[in-house]
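Worksheet: the structure to be examined is printed underneath.
The values are calculated or read from the model by the stated rules, or taken from the named source; none is laboratory data. Source: prediction; values computed, not measured. Every residue, glycine as well, gets a Cβ built from its backbone with ideal geometry; the counts of neighbours run over all protein chains shown.
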Amino acid sequence: MGQNGKRLTIIVSLVLIVILFFYYYVFNIYETTVETWPKNLFADNSSTVNISINPVNAFGFKIPFRKIYGSFEITGGKHLVDIVKEDDINGILTLRAKNKVGKVIIYVKSKYSFLPSLVEINIYPNTA
């Protein structure tokens, strides 16, 4: 094997190592996080909240180009909100507050979560 053959072997090996590194540490799902924005609602029949499940890599960052399947179960305060959008394939739930004050409790489950996550959303009186 000549000098060019050794260089080619080293370059191919390095490229494979970089590809495996990115696959296992950047694009592989290690955990999920549940993001809620905004944190609270107002009883005005128009306030909405979005809940999404985000896949997280080994470095703790949201994984690019990946969606995660998830399910949402409203266990408390279901009469306080309307479901605007429930997208289990992409792990997104959008709720709109009714004209009632209280607390909504939602369990969020996904394939990559060890246990379901608990999300509590407070609905405050509209002061405007």
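Computed quantities for the displayed model
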{"item": "Among the residues listed as Lys6, Lys67, Lys100, the single one being in a helix (DSSP H, G or I), among the charged types (D, E, K, R) and out of contact with any strand residue (DSSP E or B) (no Cβ under 6 Å at 6 or more places or on another chain)", "result": "Lys6"}
{"item": "The listed residue being closer than 15 Å to Ile123 by Cα, over 13 Å from the mean Cα position of the chain (by Cα) and touching a residue at least 12 places away in the same chain (Cβ under 8 Å), out of Val26, Val81", "result": "Val81"}
{"item": "Restricting the range 38-64 to residues that are in contact with a Lys or Arg (Cβ under 7 Å, 6 or more places away or on another chain) and part of a strand (DSSP E or B), the residue that is nearest to Tyr124 (Cα to Cα)", "result": "Thr48"}
{"item": "Residues of the range 93-103 satisfying the condition of being closer than 19 Å to Thr33 by Cα and not hydroxyl-bearing (Ser, Thr, Tyr)", "result": "Leu93, Leu95"}
{"item": "The range 93-121 - residue that is hydrophobic (A, V, I, L, M, F, W, C) and surrounded by fewer than 17 Cβ atoms within 10 Å (Cβ to Cβ) and, of those, farthest from the chain's Cα centre (by Cα)", "result": "Val101"}
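For every residue, the table says whether it meets (1) out of contact with any Asp or Glu (no Cβ under 6 Å at 6 or more places or on another chain); (2) at pLDDT below 95.
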| residue | (1), (2) |
| --- | --- |
| Phe72 | yes, no |
| Thr75 | yes, no |
| His79 | yes, no |
| Asp82 | yes, no |
| Ala97 | yes, no |
| Ile105 | no, no |
| Ile121 | yes, no |
| Asn126 | no, yes |
